[in-house]
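Student: Sending over a structure as structure tokens; questions will come in a sec.
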Amino acid sequence: MGEATHVVGKEGEPTGKLVGINDFCISVKSNEALCGKCHAGYGLSEHDFSVEKIDCLICHAPNYKKTASGPDPSIDATAAARNVGPPTREMCLRCHALASGGDNNKRGNLELVMGAANISRDLDVHMSTGMACQDCHTFVNHHVSGRGMDLRIDDTDVPVTCDDERCHGSEPHAEGSMYNKHTDRLYCTACHVTAYGKVQTVEMSRDWEDTHLGKDNLYHLTTVRESNPAPIHVWWNRMSEIVDLADPVVRGDDGAVMMAKPVGGIDNPASKIYAARFHRGRQSWDGTHLLPYRHKTVKETGNMTQAIFVATGKIYDPVQYVDTARYLGLFHGVSPKEDALTCKDCHEDHVIDFEVLGYDIEKDASGNLISATKPGESTNLADFNAKAGTATGAAEGSGESTAATPGFGIIPALGGLMAVAYLLRMRN
């Protein structure tokens, strides 16, 4: 528990997983045994968060496992305590990669394989050099930096950004590169995270209504997984809207309850375009509130009425279900620079969805995009001449060319210079 930060309408209010609800494992309520396998506080149900009840070994001991009430009986906790040290990627990922009950179920670009001593550049360029999580996620008195689109609390007020001067800086590309003119409105991940679920498939949806009896004589919910999906792109100003367990919920135009979404937009100067993913769920509700339920009961009996009763003490029969959804930011699994999006990808092949991002668009009779402009401006960002885009800036080995920054008008003189440079090249 802590105070909500950067959550619209809730800043400063007490919040955390104990009062939250989501479209993956739903709620801590009545499921403490599952949550306690990773979350370091012992005895979640006691609401006692004294330092003495923190299990240090879950982060600092190799080959360690825990339960909600202490070390897992299957391991030698004394031996584990004798081998403590700084957290490695493997130690971090045994929880963060397994969030929501399985490898790469939740975040999408955190996989157990990333904990190996040697991984490929294609999987993540930073981890492939041996970087540890702490190289980016700095700690102060065990409070860690970092913010996700769907997180309620910032543990510290130190942001994790690629453009930090100790990393890539505000102009990460070659001097004179047009790409550097995009960084005010494009976050690095928009171009440099090009796929996720690269080794382990990623969960795209989870349906708690559609359960089936498996060969193990247990009931399993229905999930959809994909391999290497492309990210979507969203505006984000580092504020979020997030649903908690006590919140009345409202269905959107598509009939789904939005569990967590980034705040921002094309006309918000604090917003940048980020790479993200979209997850869908289907879960129980009473028409006003989403309902918690006990996973173990669903798994053993397939009886959602009983599972809700265990968590709430109330009987819901028949059970109503509602579609849910959330956005999650993609900040890991960074691709090699030669695989990053280029000007042509966005401004000619239209990898990004200009319409969703709020641009005024026009399509031809076949539905092909022919025009995308920022409201109030005339520059067509969907009609980019790639041949005229190499007049300034170094290619840096990634097919770099020049293009208009989304949301910014191009200085007419620049267009003229590019045209002249192109004609001179053709003559030579």
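Student: Using the structure shown, list the pairs from LYS10/LYS314; LYS37/LYS314; LYS10/LYS261; LYS261/LYS363 with a Cα-Cα distance above 18 Å, or answer none.
Tutor: Too far apart for the 18 Å limit: LYS10/LYS314; LYS37/LYS314; LYS261/LYS363.
Student: On the Cα set of the range 194-275, report Rg and Dmax in Å, please.
Tutor: In order Rg, Dmax, the Cα atoms of the range 194-275 give 17.1, 55 Å.
Student: Check GLY302: other-chain or 5+ apart residues with amide H under 5 Å from its amide H, H built from backbone geometry?
Tutor: Those lying under 5 Å, H to H, from GLY302 are TYR219.
Student: Counting alpha carbon pairs within less than 8 Å and at least 6 residues apart, what relative contact order, in whole percent, applies to the chain?
Tutor: 16
Student: Now a separate question. Could you tell me which helices of the chain pass both thresholds, a Cα extent of 20 Å or more along their own axis and a mean Kyte-Doolittle hydropathy of at least 0.0, with helices taken as whole DSSP H runs?
Tutor: 412-427
Student: Compute the length gained on full extension between SER227 and MET131: take 0.36 nm times their separation in residues and subtract their Cα-Cα distance, giving the result in nm to one decimal.
Tutor: Answer, rounded to one decimal: 32.1 nm.
Student: Then there's this: Neighbouring Cβ atoms within 10 Å as the yardstick, rank LYS29, LYS314, LYS337, LYS215 fewest first.
Tutor: So the residues, fewest neighbours to most, are LYS215, LYS314, LYS337, LYS29.
Student: Please tell me the relative contact order of the range 214-275 in percent, rounded to the nearest whole number, where contacts are Cα pairs under 8 Å and at least six residues apart.
Tutor: 41
Student: Using only DSSP helix segments of four residues or longer, with each worth -39500 (n - 2.57), what per-residue ellipticity at 222 nm results for the chain after dividing by its residue count and rounding to 500?
Tutor: So the calculated ellipticity at 222 nm is -3500 deg cm²/dmol.
Student: If the limit is 30 Å between Cα atoms, which of LYS17/LYS215; LYS66/LYS106; LYS17/LYS198; LYS53/LYS215 go over it?
Tutor: Going by Cα-Cα distance, LYS17/LYS215; LYS53/LYS215 fall outside the 30 Å limit.
No value in this document is a laboratory result; all are computed from the given coordinates. The structure displayed is predicted, hence computed values, not measured ones. Virtual Cβ from ideal backbone geometry, glycine too; neighbours counted across all protein chains shown.
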